[in-house]
């Protein structure tokens, strides 16, 4: 998870740098912003799921399993949605 958080931070920093740069075309800016947002919507719910699951297993909260797994489902749905936008491999 720490590696994924570093990836999110990497994409956010590069997106800010590309937004501030005048040498980069608009399509590259949009691509980097989209990647930053998609990684954030994958990693943040996944981290939230892990924290909720640990609290449930330690007995600190009395949530049922469904609210605990909703962030995981959100993260997986976002991951599946982002795979449809990827460009093809070998041509």
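FYI, it's all coordinate maths here, none of it is from the lab. From a predicted model like this one, the values you see are computed outputs, not experimental measurements. Counting neighbours? That spans all protein chains shown, and the Cβs are built from the backbone with ideal geometry, glycine included.
Tabulated data
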{"quantity": "Candidates 31, 48, 78: whichever shows maximal mean-square fluctuation once the chain is modelled as a Gaussian network with Cα springs under 10 Å", "calculated": "31"}
{"quantity": "Residue order, fewest to most beta carbons within 10 Å, for 32, 55, 60", "calculated": "60, 55, 32"}
{"quantity": "The chain, relative contact order in percent, only Cα pairs under 8 angstrom and at least six apart counted", "calculated": "28 percent"}
{"quantity": "Computed over the chain, Cα set: Rg, Dmax in Å", "calculated": "16.7, 53"}
{"quantity": "0 to 90° range, to nearest 10: angle between helix 65-84 axis and the chain longest Cα axis", "calculated": "20 degrees"}
{"quantity": "Theoretical gain in end-to-end length, residue 16 to residue 79 [0.36 nm per residue, Cα-Cα removed]", "calculated": "20.4 nm"}
{"quantity": "Over the chain: helical MRE at 222 nm, DSSP H runs n ≥ 4 each giving -39500 (n - 2.57), nearest 500", "calculated": "-28000 deg cm²/dmol"}
{"quantity": "Rounded to 10°, Cα long-axis angle of helix 2-20 versus longest principal axis of the chain", "calculated": "30 degrees"}
{"quantity": "Rounded to 10°, Cα long-axis angle of helix 26-58 versus longest principal axis of the chain", "calculated": "10 degrees"}
